[in-house]
Structure formats: C-alpha cells, structure tokens
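Student: Dropping the structure in here first, questions after.
The values are calculated or read from the model by the stated rules, or taken from the named source; none is laboratory data. All values reported here derive from a predicted model rather than from experimental measurement. With ideal geometry, Cβ positions are generated from the backbone for all residues, glycine too; neighbour counts draw on all protein chains shown. The protein model used for the area step is the full one, side chains on, heavy atoms only, and it has no ligands, DNA or RNA in it. Shrake-Rupley method; radii C 1.70, N 1.55, O 1.52, S 1.80 Å.
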Amino acid sequence: MGDGSGFPGFHSHSYDRDYSRPLFRVASFSDSGDEQERHAPSPRGRSQNMSRTASSKAAAPSRLSSSVSKMSMKKLQQVVDEKSMEDEEMELMKEKYTKLLLGEDMSGSGKGVCTAVAISNAITNLYATVFGTCHRLEPLPPEKRSMWNREMDCLLSICEYIVEFSPTVQAMPDGSTHDVMATSPRSDILMNLPALEKLETMLLGILDSFDKREFWYADQRNQSFNESKKSFQRSEDKWWLPEPCVPDSGLSDRMHRELQQKRDQASQIHKMAMEINSSILSEMQVPSSYLETLPKSGRVGVGDAIYRYMSSGDQFSPEHLLNFLNLSSEHEALEIADRVEAAMYVWRRKASTTHVVSKWENVTELNADGDKNLVLASRARSLLLCLKQRFPGLSQTTLDTSKIQYNKDIGQAILESYSRVLESLAHNIVSWIDNILVADENAKKGHKIRMQKQVFTQISPQR
C-alpha cells in the first residue's frame with residue numbers, strides 16, 4: 001500500500017508537461033567582402049536566390065514543428081490515458097468502499113448487512129472476479145494480479161487495527177514503573193493471518209512456475225467434428241472448459257516430476273487452508289435460528305442405519321461407515337454432512353446438561369467418561385472431518401452458511417473468507433494438474449500401442 005493514502009491505488013501523481021518547442025539556431029557563413037563584390041550576382045539573380053533561401057528556411061521550421069507537435073500530442077495522449085486509468089481505478093475503489101459502508105444496501109436506509117458480512121462478501125466476490133474465469137494452469141494475467149493484490153491489501157489492512165489489550169509494566173525516565181494497558185494484534189489474527197498470506201504466495205508461485213510448459217489447452221467450443229480424438233475427454237457437464245493437450249508421445253520426465261511435485265504442494269496447502277477455515281468456523285457462535293431447527297433427537301437426524309453403526313461397538317471407523325454409505329456425488333455427501341452435523345449439536349446440547357465443556361474439539365471418546373452423548377458427538381465430528389477429506393470440493397453445510405450469515409466479528413469474517421477462497425484455489429490447482437496427468441497417461445498409452453503396432457508390422461512376414 002502506498003503512503004499518503006488510505007487505499008491502494010489512490011495516488012496523486014503530478015505530471016510535468018513541457019510542450020515548448022526547441023529553438024534551432026542557424027549559422028550563416030559568408031565569404032570575404034572582396035569575394036562578395038567579385039562574385040556579386042545581378043539584382044535579379046540576387047532576388048531569386050533570396051526568395052529560394054527564404055522559402056527553404058520557412059519550410060524547415062514547418063517540418064520540425066510538425067514532428068515536435070506529433071511528439072507532444074503522443075506524450076499528451078499517454079498522460080491522458082494514464083490519468084483516465086487512475087480515475088477509473090479510483091471510481092471502482094470508491095464504489096467498493098461505499099458498498100462496505102452501506103452494508104450492500106444502496107438505498108441508504110440502514111437495512112443492509114453488517115460490516116462483517118459485507119467484508120466477507122467483498123473477499124468472496126473479488127476471488128470470483130479474479131479467478132472465476134481462470135481454468136488453465138498458467139500464470140495469472142498482470143491486470144488480474146494487480147487487482148487482487150491491490151484490493152486484498154485494502155481489505156486485509158483492517159486486521160492491523162483489530163487489537164486486544166493486555167496489562168504491562170512501563171518504565172519511566174525517572175526510574176519509576178507504571179502499570180499500563182498495551183495493545184497487540186488479536187491472537188487469532190496474529191496466528192492465522194501470516195500463515196494465510198504465506199499460503200497465498202505459495203499458490204500464486206505455483207501458477208507462475210508454469211510460464212514455460214510442454215502442454216497447452218484447446219477450446220472445445222472451437223473444435224471441428226473432423227478433429228482427431230484428444231487424449232483427455234472431459235465430462236459432458238463441463239463441456240465449456242478448455243481441454244488440456246500434450247504431445248503425442250506424452251510429457252517429458254522432467255515435466256511429469258514437476259507436475260507431481262506441484263500437485264503434492266497444492267494438496268498440502270489445501271489441507272492447511274481447510275484446517276484454518278474449520279478452526280475459525282468452530283469458534284463462531286452458533287446462531288439461535290439454527291438451534292431452533294434441530295431435530296428432537298440425534299437418531300432422527302442421522303437415520304436408523306447410521307445411528308446403529310455409530311452407537312454399536314467400542315471401535316468406530318468413519319472410513320468404513322462412508323464405504324458402507326457408498327456416496328456417489330457431492331450432493332449426497334452434503335446431505336449426509338448436514339444431517340450428521342445437526343445430530344452432533346443435539347448430542348452436545350444433551351451432554352452439556354451434565355458436563356461443562358469449554359471446547360468441544362478437545363472432547364474425544366477417551367475422555368468422554370462413558371457418557372453416550374459425548375461419545376456420539378465425538379464420533380459425529382470425526383465422521384464430518386473424514387467426509388470433508390474424501391470430498392474436498394464439498395460446499396458449505398447449512399450450519400457453516402448460517403454462521404457466516406449471522407457473524408458479527410470482523411476479524412473472524414476476514415480469516416474465514418480468506419481461508420475459504422485459498423482453499424478453493426488450491427483445490428482447483430490440484431484438479432488442473434490431475435487433468436494434465438490423465439492426458440499425459442493416455443497419450444503415453446496411445447504412443448506405446450502405436451510403437452508396438454509399428455514393430456509388429458516390421459517383423460511380420462511379407463506376403
């Protein structure tokens with residue numbers, strides 16, 4: 001962020017415009033007086049020479065002034081373009097700043113959302129604007145990169161002013177000490193924000209590393225029916241996405257290793273962003289409107305089949321339960337997640353009548369003290385975590401959406417939305433790399449079959 005302005009991109013540049021034309025000095029050389037008298041032309045010839053000389057002198061400054069005028073106009077147009085671009089960016093920032101202040105209620109009647117929700121929506125919409133049309137494994141365009149950095153710096157700068165007070169001892173110049181309240185960044189922001197900024201740098205670095213690559217993309221919408229069959233076939237529900245293409249013999253070993261390394265790195269970033277997002281959501285207060293919609297019992301919420309599996313036996317395996325359910329789509333997985341999460345809060349509410357729990361994430365079957373409700377709540381939480389790991393692109397549950405909608409804490413809103421968009425970007429990068437690896441594998445299989453046919457043709461007896 002630049003100095004002297006509260007928002008990045010708000011700079012007052014001063015341009016020194018120098019439109020004065022240069023002065024050209026013409027030096028005239030003459031012979032001596034005797035030579036002039038000896039070679040003095042007639043009056044008529046002298047007048048003709050003077051007229052030609054005057055016309056040539058008049059034409060030279062005319063050509064020079066014309067070229068200088070073109071240069072000045074070009075410089076003027078460049079300055080005007082830069083100024084108009086800055087004005088456009090300033091108007092855009094004004095519009096976004098106004099929406100934040102009005103809570104997205106442009107009528108100004110005070111019926112808009114709270115500041116936390118407005119900032120969360122701003123980060124989500126910025127991510128959709130910058131990365132929503134990016135479907136290729138390539139560096140981010142410079143204009144989108146600049147927009148992302150500029151506006152994210154503006155939104156994240158709010159965290160610099162979210163502090164907490166703590167007592168400390170201050171030494172005075174005379175040697176005495178006084179108890180004062182010192183400010184420091186809030187603990188959750190101090191711990192999570194630098195980590196998220198590091199994850200963002202790593203993700204953008206992965207995209208930047210593919211400026212020189214051996215693969216390319218083909219727009220399926222522009223392909224003709226006579227084109228040969230590609231090594232990667234996309235599902236029909238995503239026909240509008242570009243298809244990755246590789247050479248007929250496949251990618252080189254170096255490129256294949258690099259893709260695999262970047263995939264592993266993006267997968268780890270996705271897990272870290274998901275953990276941070278889950279921890280922030282767990283700290284948000286559960287809205288009363290959600291608690292009013294909970295079922296009467298956890299068994300009714302999850303159903304008899306899942307309840308029998310969760311309540312029977314001392315050993316519980318969430319992986320085996322998910323294999324038994326055989327979920328085939330993310331829609332089914334999201335439905336199960338909503339039901340299990342609702343049942344978990346029913347069991348927690350019943351357990352809280354007999355137990356005082358400060359943090360439910362620390363409750364496991366080992367420290368449940370034989371309470372059936374605590375055991376079931378702990379198993380439901382482990383089932384939810386396993387479900388989200390198996391379906392990394394799973395949408396937000398009903399509880400998560402409700403927490404974000406009714407959240408009032410601005411710091412939590414920034415951390416939650418920031419971690420959520422980074423989680424989505426990491427998941428997309430992993431998917432893009434997987435598509436290229438699939439295309440590479442199919443291309444190498446086809447190349448191997450063609451080589452085998454060629455060898456068989458060469459060694460087969462001639463008829």
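Student: Work through the residues other than V302 whose Cβ is under 12 Å from its Cβ and net out their charges, Lys, Arg +1 and Asp, Glu -1.
Tutor: 0
Student: Hey, another quick one. Residue by residue through region 406-422, what is 3J(HN,Hα) from phi via Karplus (6.51 cos²θ - 1.76 cosθ + 1.60, θ = phi - 60°)? Round to whole Hz and write x for glycine and proline.
Tutor: Each residue of region 406-422 in turn: 9, 6, 10, 7, 5, x, 5, 4, 5, 5, 5, 5, 5, 5, 5, 6, 5 Hz.
Student: Can you pull a Stokes-Einstein diffusion coefficient for region 88-166 at 25 °C (0.890 mPa s), Rh from Kirkwood over Cα pairs, as a whole number of µm²/s?
Tutor: 172 µm²/s
Student: Then there is this: What pairs from K238/K445; K198/K262; K212/K448; K238/K448; K198/K408; K111/K408 go past 19 Å between their alpha carbons?
Tutor: Beyond 19 Å: K238/K445; K212/K448; K238/K448; K198/K408.
Student: On to the next question. Amide H neighbours of Y217 under 5 Å, at least 5 residues apart or on other chains, H built in the peptide plane: list them.
Tutor: C245
Student: Which of K350/K372; K96/K144; K144/K388 have a Cα-Cα distance over 21 Å?
Tutor: K144/K388
Student: May I pose another question? Please list, by residue number, everything in region 430-458 whose backbone N is under 16 Å from a paramagnetic label point 7 Å out along Cα→Cβ of L140.
Tutor: Only 430 fall inside the zone, counting backbone N under 16 Å.
Student: Label-point separation (nm) for M85 and Q405, each offset 7 Å from Cα along Cα-to-Cβ?
Tutor: Going from the M85 label point to the Q405 one covers 4.2 nm.
Student: Per the 1.4 Å probe, what fraction of the accessible area of region 114-178, in percent, lies on carbon and sulfur atoms?
Tutor: Carbon-and-sulfur percentage of accessible area, whole number: 56.
Student: Using θ = phi - 60° and the Karplus curve 6.51 cos²θ - 1.76 cosθ + 1.60, what whole-Hz ³J(HN,Hα) does each residue of region 261-272 get, with Gly and Pro shown as x?
Tutor: These are the phi-based 3J(HN,Hα) values: 5, 5, 5, 4, 5, 5, 5, 5, 4, 4, 5, 5 Hz.
Student: Continuing with this model, one more query. Filter the GluC sites (Glu not before Pro) in region 272-336 to those in DSSP coil with at most 14 other Cβ atoms within 10 Å of their Cβ, and list the result.
Tutor: In loop regions of region 272-336 (DSSP not H, G, I, E or B), the sparsely surrounded GluC sites (Glu not before Pro) are E292.
Student: Roughly speaking, what is the stretch gain from Q285 to M191, that is 0.36 nm per residue apart minus the C-alpha to C-alpha distance, in nm to one decimal?
Tutor: 31.8 nm
Student: Loop-only chymotrypsin sites (Phe, Trp or Tyr not before Pro) in region 240-310, please: DSSP not H, G, I, E or B, and at most 10 other Cβ atoms within 10 Å.
Tutor: W240
Student: Turning to a different aspect of this structure: Using 0.36 nm per residue of separation minus the Cα-Cα distance, give me the extension gain between S157 and R308 in nm, one decimal.
Tutor: Stretched out fully, the S157 to R308 stretch lengthens by 49.4 nm.
Student: Set the Förster radius R0 to 30 Å, insert the Cβ-Cβ distance between H331 and K296 as r into 1/(1 + (r/R0)^6), and round the FRET efficiency to 0.05.
Tutor: Calculated value: 0.70.
Student: At a 10 angstrom cut-off on C-beta neighbours, averaged per residue, how do the peptides 410-422, 394-406, 169-181 rank from highest to lowest?
Tutor: 410-422, 394-406, 169-181
Student: Between F324 and M451, what is 0.36 nm times their sequence separation minus the Cα-Cα distance? Round to one decimal in nm.
Tutor: 41.3 nm
Student: Determine the shape class of region 364-450: with a ≥ b ≥ c the square roots of the Cα gyration tensor eigenvalues, call it rounded for a/c under 1.5, and otherwise prolate if a/b is greater than b/c, oblate otherwise.
Tutor: Note, shape of region 364-450 comes out oblate.
Student: Nearest 0.05, what FRET efficiency do T133 and K372 give at R0 = 51 Å with Cβ-Cβ as r?
Tutor: After rounding to 0.05, the efficiency reads 0.50.
Student: May I ask you to derive the FRET efficiency for S352 and V169 from their Cβ-Cβ distance with R0 = 25 Å, giving the value to the nearest 0.05?
Tutor: Rounded to the nearest 0.05, the efficiency is 0.05.
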